[in-house]
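Chemist: Could you have a look at this structure, given as structure tokens, before my questions?
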Amino acid sequence: MSLTTTPPPPTAMAPADLAELHAAARVLEHSSFAVRLASMVGQSVEALKRALPGPLERGLDSAVQRALESAMRTALRLDPGANPTPLPSRWLHRGLMAASGMAGGAFGLPGTLVELPVSTTLLLRQIAAIAAEQGEDLADPAAQAECLKVFALGGDGPADDEAEAGYFAVRLALAETLKGAVGRNLLGMLPGFLGAVAARFGAPVAVKLSAQAMPVVGAAAGAAVNLAFLEHFRGIAQAHFTVRRLERTYGAALVRANWPSA
């Protein structure tokens, strides 16, 4: 009788996978939506932030958390790959995000606040589709949580510094909020986890709202802001779920050992 043995874990990454890891690291460690948007609209980050009214800035956390909760309840219940149109899914979501941004920009800041849960839901559906492409089981609450984590990984916390803002540091901090939640559905992981995600997602949302609050923005620029938002978080999702796929293949320790230094 032959005994089956578990093969030893790999001790080195294939060159193609190592290249994928380094490309993902560049996105996850150096991608800033605020800087990207400031460059696009020709305003400094600080000028964009000053465009946001004080009362709204103080209430932004709750608005972001409500948008995330609404997106979670809608987007993760549906097949992220479902597409009733002949358009490729990528272009369908670009069209929907542009339309959402146009509607928000046309009505200024009030319209943008109404539009925020819609654009967040569209973003989460794209994130979930990328997760599925990278081998995640979206029926698993842990995989659903990873989709929401992308919003935190793509934002800057209110007190980030270089030592605290790294990809693995954020992942570890978010994992702490999920302790004891194994076996529960995603709703059971709230509100602590959602609050932690919202605290970081709020930074790029504030910049987005500030840009769309500027009187010269209007509908067309509102669409452009939303498309920048989509491309930023789609890139973060692709990189994050690439890292998770490589961790399943090689183990987290080997992936971390090959993570490029700053």
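Chemist: Does VAL207 satisfy the criteria of being at pLDDT below 80 and part of a helix (DSSP H, G or I)?
Modeler: Numbers: at pLDDT below 80: yes; part of a helix (DSSP H, G or I): yes.
Judged against the criteria, VAL207 is a match.
Chemist: Right, here's the next one. Quick one: which residue in LEU109, LEU87, LEU138 is at pLDDT 65 or above and either among the aliphatic types (A, V, I, L, M) or in contact with a His (Cβ under 9 Å, 6 or more places away or on another chain) (or both)?
Modeler: Details: LEU109 fails: at pLDDT 65 or above; LEU87 fails: at pLDDT 65 or above.
Sole residue among the options that is at pLDDT 65 or above and either among the aliphatic types (A, V, I, L, M) or in contact with a His (Cβ under 9 Å, 6 or more places away or on another chain) (or both): LEU138.
Chemist: Farther than 23 Å from ALA206 by Cα and in a helix (DSSP H, G or I): does that describe ALA253?
Modeler: Working: farther than 23 Å from ALA206 by Cα: yes; in a helix (DSSP H, G or I): yes.
Taking the combined requirement at face value, the residue satisfies it.
The values are calculated or read from the model by the stated rules, or taken from the named source; none is laboratory data. As the structure is a computational prediction, the values presented were derived from the model and not from experiment. With ideal geometry, Cβ positions are generated from the backbone for all residues, glycine too; neighbour counts draw on all protein chains shown.
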